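Trainee: After the C-alpha cells below, expect a handful of questions from me.
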Amino acid sequence: DNPDISDMIGRAELTGTWYVNKTNTLAMTLRHALRSSARGSVRLEWLRTIGSARANGEPSRLRFHTQLFSGYGDSLLDYNRKRTVLSLGLSLVDF
C-alpha cells in the first residue's frame with residue numbers, strides 16, 4: 001500500500017500539445033499535488049517524424065521520441081523520490 005502516493009505524484013494533471021509542423025510535435029505535462037507540500041512533476045516531449053514520405057504522399061509514421069521528466073512519480077517503484085530522467089526512443093504509436 002502507498003498511502004502518500006497522491007501527495008507525491010499529484011492530484012491534478014494538465015497536458016498541452018503543439019503540432020509545430022508536419023514533422024515536429026512538442027508536448028508538456030504538468031502534475032501537482034494541490035497541497036502545501038508542492039510536489040509534482042513536469043514532462044517535456046519532442047517527437048520528430050523520420051523517414052521519407054510513403055507512396056500515397058502521407059508522411060512516415062515512424063517518429064523519434066525525446067522525453068525529459070523531472071519530479072516525482074516517473075515510476076511506481078520510485079514514486080516518492082525526485083528524479084530527472086532523459087529518455088530517447090522510437091515511437092510506433094501511429095502504426
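A short reminder: the numbers here are calculations on the coordinates, not readings from a lab. Nothing here was measured: the structure is a model prediction, and the numbers come from that model. Cβ sites come from the backbone with ideal geometry, for glycine too, and all protein chains shown count toward neighbours.
Trainee: Taking Thr23 and the conditions (1) under 21 Å from Leu92 (Cβ atoms); (2) polar (S, T, N, Q); (3) within 15 Å of the chain's Cα centre (by Cα); (4) surrounded by 14 or more Cβ atoms within 10 Å (Cβ to Cβ), which numbered condition does it fall short on, given that it satisfies the others?
Mentor: (3)
Trainee: What are the residues in the stretch 52-95 that are loosely packed, with under 11 Cβ neighbours inside 10 Å and in a loop (DSSP other than H, G, I, E, B), if any?
Mentor: Ser52, Arg54, Ala55, Asn56, Gly57, Glu58, Ser75, Leu76, Leu77, Leu92, Val93, Phe95
Trainee: Report, by residue number, each residue of the stretch 14-48 that is assigned to a strand (DSSP E or B) and charged (D, E, K, R).
Mentor: Step one: list which residues in the stretch 14-48 are assigned to a strand (DSSP E or B), which gives 14-19, 24-32, 40-48.
Within the stretch 14-48, Arg31, Arg43, Glu45, Arg48 qualify.
Trainee: Among the residues of the stretch 1-17, which ones are acidic (Asp, Glu) and loosely packed, with under 12 Cβ neighbours inside 10 Å?
Mentor: Asp1
Trainee: Between Ser41, Ser37, Ser70, Ser60, which is farther than 23 Å from Val93 by Cα, polar (S, T, N, Q) and touching a Gly at 6+ places or on another chain (Cβ under 9 Å)?
Mentor: It is Ser41.
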